[in-house]
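Heads up: the structure comes next, in structure tokens.
Derivation of every value follows stated rules applied to the coordinates shown; laboratory data play no part. Quantities reported herein were computed from a predicted structural model and do not represent experimental measurements. FYI the Cβ positions are ideal-geometry reconstructions off the backbone, even for glycines, and counts take in every protein chain you see.
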């Protein structure tokens with residue numbers, strides 16, 4: 001195809017190499033619903049994220065995007081196939097993993113600093129050191145004046161900053177993000193995307209970023225996975241060769257960006273329509 | 001394309017009109033507050049006056065339904081001369097002590113049971129049926145059993161208060177644990193929390209508002225337990241005072257004791273609210289502060 005000449009190079013799926021940060025190899029996940037039916041969440045799913053790579057997963061609603069993240073955390077176990085993180089099979093929640101949730105997963109009864117210090121404290125870091133590091137991270141996300149505030153006193157964007165600090169303080173080698181910015185307004189989202197790319201380039205973590213927003217995916221990622229309508233499997237993989245560092249406010253007007261987004265959208269569109277039709281039929 | 005900027009010359013007049021509007025809004029709030037308090041007092045006065053006049057002119061038979069002045073005389077004589085069972089403060093003290101013991105034991109037991117069952121699916125499935133059965137038994141009847149088993153002293157009243165409180169607090173604690181946010185628990189897990197840490201730092205704080213809500217209701221239940229226990233058989237306490245007054249066809253005494261109990265309940269309710277505000281100071285202020 002002519003895609004090869006463009007910035008979005010379509011990759012052919014292959015068995016993951018042994019040294020990948022995340023390797024999901026031919027995984028199928030079925031579970032029994034409360035009324036006793038078998039449901040297939042994802043099937044024949046293969047995905048590789050190299051160390052330091054930023055991968056985005058896009059797909060229609062209900063195609064199992066979030067399921068892939070839970071496979072990596074170990075909160076879900078594959079029915080067949082295997083999942084490896086940093087070369088090791090996933091048996092429990094790895095200390096290398098950080099997770100940013102779509103909803104507000106901050107602890108509302110803890111102040112900002114207590115929220116950010118939670119990770120180190122859970123992991124047995126002495127109190128003084130945990131709070132010192134927390135203070136440092138709060139300053140890095142620009143909330144130094146809000147240490148003593150409670151989450152309900154902050155705006156949505158500020159709460160997301162706290163969530164980022166709370167996750168990054170554990171210095172995760174693997175960062176999983178489940179539509180983290182979908183509830184934010186446009187300007188705040190752009191600012192948070194820049195913030196995330198800054199933190200990521202400092203920490204050199206490997207990222208899986210799930211989103212339903214294709215433009216967000218193209219703007220952020222090295223690699224975009226397009227999933228089929230549920231039960232999800234990988235439809236195609238694109239490598240995004242836009243230069244870094246990227247500036248989120250400008251990148252969406254870059255002709256190359258627009259071209260890539262168009263190509264991937266034509267691929268994604270039929271799955272979205274399929275997903276919507278199916279949703280209408282089953283009443284979901 | 002031209003950018004349009006607002007004119008700045010009228011800024012001063014704008015400032016003063018804002019200040020005037022603000023002062024007006026404040027005055028309006030103030031007036032409303034005064035109106036609410038005034039209406040409350042008016043309703044109380046009218047109610048008591050109608051009762052008193054009704055009793056004077058025999059629309060309401062004061063022998064059965066008492067009268068405000070009769071109740072006041074009764075309370076005053078209890079305060080100054082003591083009751084037939086001894087001084088009034090001792091009756092209040094005995095009932096309060098039973099209530100508090102029952103409340104504390106029942107609440108702690110209910111919280112512990114709620115958390116354990118809420119965190120353990122199997123235990124919850126096994127025990128849920130028995131708890132439902134135990135909860136549907138009219139618990140006040142147990143008072144008779146406790147008096148037979150534990151005697152006329154304090155233990156039987158405390159036991160009844162415990163039983164009254166336990167199920168209310170248990171049901172709320174259990175529900176609160178079950179409603180703890182999934183992603184918040186997952187977040188703690190991924191941040192590195194052990195199951196025990198999850199219980200203490202996520203489950204219990206998030207169940208706290210449920211538990212505190214149940215404490216408001218269940219203090220009233222503890223008081224009912226203690227008073228009913230005394231009513232069924234006791235040597236001291238407000239319940240016995242009511243029972244004695246009833247036996248003597250003394251309506252004034254029944255109402256007077258009722259009012260003293262209501263005042264006790266209100267005072268403790270106030271203390272619990274203060275405690276609640278202290279414990280959950282992280283919560284956003286409610287839109288409409290009731291009774292403020």
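Values computed for the structure shown
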quantity: Two-site FRET efficiency, residue A:35 against residue A:258, from Cβ-Cβ distance with R₀ of 45 Å, rounded to 0.05; calculated: 0.45
quantity: Highest-fluctuation residue, A:24, A:93, A:42 considered, GNM on chain A with Cα pairs under 10 Å; calculated: A:93
quantity: GNM result for chain B, Cα springs below 10 Å: residue of B:14, B:24, B:32 fluctuating most strongly; calculated: B:14
quantity: Estimated distance in nm for a label pair at residue B:278 and residue A:185, the labels positioned 7 Å out from Cα along Cα-to-Cβ; calculated: 4.0 nm
quantity: Sorted by Cβ neighbour density within 10 Å, fewest at the top, the residues B:238, A:86; calculated: A:86, B:238
quantity: As computed over region A:105-171, the Cα convex hull volume per residue (Å³); calculated: 74 Å³
quantity: Calculated [θ] (222 nm, deg cm²/dmol) that DSSP helices of n ≥ 4 give over chain B, each run adding -39,500 (n - 2.57); calculated: -26500 deg cm²/dmol
quantity: Sorted by Cβ density within 10 Å, fewest first, the residues B:98, A:147; calculated: A:147, B:98
quantity: DSSP-defined antiparallel bridges as percent of all bridges, the protein assembly as shown, nearest 5; calculated: 60 percent
quantity: Equivalent ellipsoid semi-axes, region A:66-186, via Cα gyration tensor eigenvalues times 5, rooted, Å; calculated: 27, 18, 11
quantity: Listed residues A:120, A:243, A:151, most fluctuating in chain A (Gaussian network, C-alpha, under 10 Å); calculated: A:243
quantity: Overall form of region B:12-60 per C-alpha gyration tensor (a/c, 1.5; a/b vs b/c); calculated: prolate
quantity: Spacing of the two label points (7 Å from each Cα toward its C-beta) at residue B:97 and residue A:82, in nm; calculated: 6.9 nm
quantity: Sorted by Cβ density within 10 Å, fewest first, the residues B:266, A:154; calculated: B:266, A:154
quantity: Chain A: calculated mean residue ellipticity at 222 nm from DSSP helix runs of at least 4, using -39500 (n - 2.57); calculated: -11500 deg cm²/dmol
quantity: Peptide-level mean, for A:109-122, of C-beta atoms on other protein chains within 10 Å; calculated: 4
quantity: P(r) tail fraction, chain B - alpha-carbon pairs more than 28 Å apart, %; calculated: 58 percent
